[in-house]
Ligand code: PMP
Ligand code: GLN
C-alpha cells in the first residue's frame, strides 16, 4: 500500500457519519444538505436520462454545460470566460483539485494551505509529489495572517489554495484580503487554486467575489465550483474548473487519465440549473441563513458561543464551551454517543500543531433536526 494512504486512515467525515448511524445520532457532522434539491433540477436529470445519449461525452465536458458555466461566471461575477478553452467539467470539485495538483506541480513544489484546511488538499498535493505548507488562521474571525503568509513563501513555493467561502471556518474573505492575495501572487509568481464551491452560499447581504476577477490574478487563478453545493446534490459529483487556456490545458490532460469524463445526463441537468433565475440563488442563501440562525440562536440560549459565519454550511464552536481543556476529537465522539448529536472536530482539518480545539456544526439540515439537536445538547450539558 502506498504509505501516503496508510497514514491517512478513514476520513473524519466518514468516521463521524458511521458513528452517528451506529448511535442513532442527529448528523450535524458531514457537510451535506437535507431537503433542498430543486425539483426542476431533478426533472431535468430525469428528462436527460430518458432522452440520452448515455455514452462518453466529450472529455472536456458537454459544450452546453461549459457554456452555462461561462454564462454563470459572467452573470454573477462579471467574469468573461471562453467556454471552448477556459472551462473543464470534472467529477466534482474533488477531482478538479486533484487534476490541478497532478497537472501543475513538479516534484518538491510547495503549496501553501490556510489552516484549518479541507482534508483533500494536503493528501492530493502529496499524491502529486508536492509539499503542503500550512499557514494557520486564528479564531474568532480567521483573518488572513499576512506576516505568516509572507514568511511561508520560499523559492519552492508554486501555489496557494484559497477556499473562499471557507470550510470549516465559515469565513468569507473581504476585498482587502483579496487585493493582498492578488498582489502576493503577482509579486512571487504564484498560482492560486481557488476552491469556490460555496460561492452562492453567503449571508447577511454579503457577496462572494472570485479572486480571478482581479485583473492581476486573472491568469494566475484556477477557479473551482461544484454543482453539489450550488444545487444541494452533493452525491452528483459534477464540478468545474475555469482558468486561462495555458493553465487549463495541462489540467485537462490530467483529467483524461483520472476520470476522462462525467455522466452526461447530470451534465445536462446542471446546465439547466445554472440558468435558473436569480430567485433560486438568493432563495438558497436565504434558506441556509435561516438555518444558521436557528442553530446559532439555539446554541447561544444554552450559553454556547458560536463563531461568526459569513458563508458555507458550517458554524464553529470552541470545544472549551462544552468542556474546558477538551480534546475536540474525544469531545465529538462523546457528543455523538452520549448526547446523540454528531459534529466534526476541527483537528481533522489541521496540518500542524497550535490550533485551538473546535467543533464544526453543519446547519444545512432539516430545521426539525436542528431544534432536536439543540434540545439534546441542552439535556446533556
Ligand atoms: N472543497 C470543499 C471546501 C468542500 O467542502 C468540498 C465538499 N463538500 C469539496 C471541495 C468537494 O466537492 P465535490 O463534492 O464537488 O467533490
Ligand atoms: N465536504 C464535506 C464536508 O466538509 C464532506 C465531504 C466528504 O465526506 N468527503 O463535510
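List of remarks:
- Qualifying positions in the stretch 289-315 - in contact with a strand residue (DSSP E or B) (Cβ under 9 Å, 6 or more places away or on another chain) and within 18 Å of residue 26 (Cβ to Cβ): 292, 295, 296, 299, 304, 306, 313, 314, 315
- The C-beta contact set for the stretch 4-18 (first residue closer than 13 Å to residue 344 by Cβ, second residue modelled with pLDDT under 90 and away from ligand 1 (no atom under 16 Å from the Cβ), distance under 9 angstrom, 6+ apart or interchain) comprises 15/9.
- Filtered residue count, the stretch 74-121, keeping only those that are outside any loop (DSSP other than H, G, I, E, B) and either within 16 Å of ligand 2 (Cβ to nearest atom) or at pLDDT below 95 (or both): 13
- In the stretch 214-235, the residues that are in contact with a helix residue (DSSP H, G or I) (Cβ under 6 Å, 6 or more places away or on another chain), under 29 Å from residue 32 (Cβ atoms) and surrounded by fewer than 24 Cβ atoms within 10 Å (Cβ to Cβ): 234
- Residues (over 22 Å from residue 234 (Cβ atoms) and in a loop (DSSP other than H, G, I, E, B)) located in the stretch 30-60: 52, 53, 54, 55, 56, 58, 59, 60
- Condition met for residue 28 (within 16 Å of ligand 2 (Cβ to nearest atom), closer than 30 Å to residue 367 by Cβ and at pLDDT 95 or above): yes
- For residue 267, the conditions (1) outside any loop (DSSP other than H, G, I, E, B); (2) closer than 30 Å to residue 216 by Cβ; (3) in contact with a helix residue (DSSP H, G or I) (Cβ under 7 Å, 6 or more places away or on another chain) all hold with the exception of (2).
- Within the stretch 174-230, restricting attention to residues that are within 16 Å of ligand 2 (Cβ to nearest atom) and in a helix (DSSP H, G or I), the residue that is nearest to residue 115 (Cα to Cα) is 229.
- Of all residues making up the stretch 336-350, the number that are outside any helix (DSSP H, G or I) and more than 23 Å from the chain's Cα centre (by Cα): 1
- Any hit, the stretch 141-154, residues being surrounded by 17 or more Cβ atoms within 10 Å (Cβ to Cβ) and under 17 Å from the mean Cα position of the chain (by Cα): yes
- Hits in the stretch 235-260 (condition: within 16 Å of ligand 2 (Cβ to nearest atom) and over 21 Å from residue 162 (Cα atoms)): 235, 236
- Filtered by the rule that a residue be within 28 Å of residue 261 (Cβ to Cβ), assigned to a helix (DSSP H, G or I) and within 16 Å of ligand 1 (Cβ to nearest atom), the stretch 1-29 gives 13, 14.
- Failed item in (1) away from ligand 1 (no atom under 16 Å from the Cβ); (2) in contact (Cβ under 8 Å) with a residue 12 or more places away in the chain; (3) outside the structural domain of residue 237 (by TED's automatic domain parsing), with residue 32 passing the rest: (1)
- For residue 306, the conditions (1) buried (at least 23 other Cβ atoms within 10 Å of the Cβ); (2) part of a loop (DSSP other than H, G, I, E, B) are fulfilled apart from (1).
The values are calculated or read from the model by the stated rules, or taken from the named source; none is laboratory data. Predicted, not measured: the structure shown is a model, and the values here were computed from it. Cβ: placed from backbone, ideal geometry, glycine included. Neighbour counts: every protein chain shown.
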